[in-house]
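Since every read-out is calculated from the coordinates, none of them should be taken as a lab result. Since the structure is predicted, the reported quantities are computational estimates derived from the model, not experimental observations. When we count neighbours, we look across all protein chains shown, and the Cβ atoms used for this are built from the backbone with ideal geometry, even at glycine.
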Amino acid sequence: MFKMLRKLWNYLFSKRKEVKDLEKKDIFLAKFMIDAGRNRRSSEFLMVPLNKIDKIHIIDRENAISKLNERIAVLEENKTEIKEKKNIDREFLGKYLPSISWIKAIKRKNDTYIAFEGNGRLEAFKRIFDKNDNINIEVEVYTFRSYKKMLRRAERVRKYNGITGE
């Protein structure tokens, strides 16, 4: 229990600089994240093609952009290894792009996914690799008790972030 609380505290502490910049879209994202935790039925880790994962929000905050640029630099340095590896698992992600949470997503009906955690890491990968690189990322895919409602909310967050398609 203490370990989980410490993890939550570290996550919130890392986001403290963003609080002053909150907008309506951030409220919808926060609501989605809370509901994702409460309504999760189960989850499983799957290898998902990078080009099948869409982000839930844009990267537009100064500190998030800075972190994104750091991640891009790390991926650039390891581009050859990543292209050879193809399947980027949690161990690799933890080594090169450490974070306190895994990349988490909800699956759409058309076999694409919306990532609601790990958008910065995914954005870094997408800026370095394209569809032809055939990169797969290990993602924690959630199933929800209220799947349709959660999917609708995820799409709403994307809409408020100005994301209509990818």
* **Cα centroid separation - segment 41-97 against segment 129-166, whole Å** => 14
* **Computed over the chain, the ratio Rg/Rh where both radii use C-alpha atoms and Rh is Kirkwood** => 0.94
* Asked: So for the pair E81, R127, with labels modelled 7 Å out along Cα→Cβ, what separation do we get in nm?
  -> 2.0
* How much of the DSSP beta bridge set in the chain is antiparallel, as a percent to the nearest 5? -> 60
* Structure fact -> Taking N as the number of residues in segment 104-143, the ratio of its alpha carbon radius of gyration to 2.2 N^0.38 Å works out to 1.19
* Structure fact -> Once T112 and K148 are pulled to full extension, the length gained, defined as 0.36 nm per residue separation minus their Cα-Cα distance, is 11.5 nm
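About its Cα centre, what dipole magnitude does segment 42-160 give when the only charges are +1 on Lys and Arg Cβ and -1 on Asp and Glu Cβ, stated in debye to the nearest 20? Numbers along the way, then the final one.
Details: 27 positive and 19 negative charges, 173 e Å.
I would put it at about 840 debye.
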* For segment 70-166, convex hull volume per residue from C-alpha positions, Å³ -> 113
* Structure fact -> Ranked by GNM mean-square fluctuation in the chain (Cα springs under 10 Å), the top entry among I34, I137, I58 is I34
* To do: Could you list the residues of segment 112-138 with an amide nitrogen less than 20 Å from a label point located 7 Å from the Cα of E91 in the Cα-to-C-beta direction?
  => 135-138
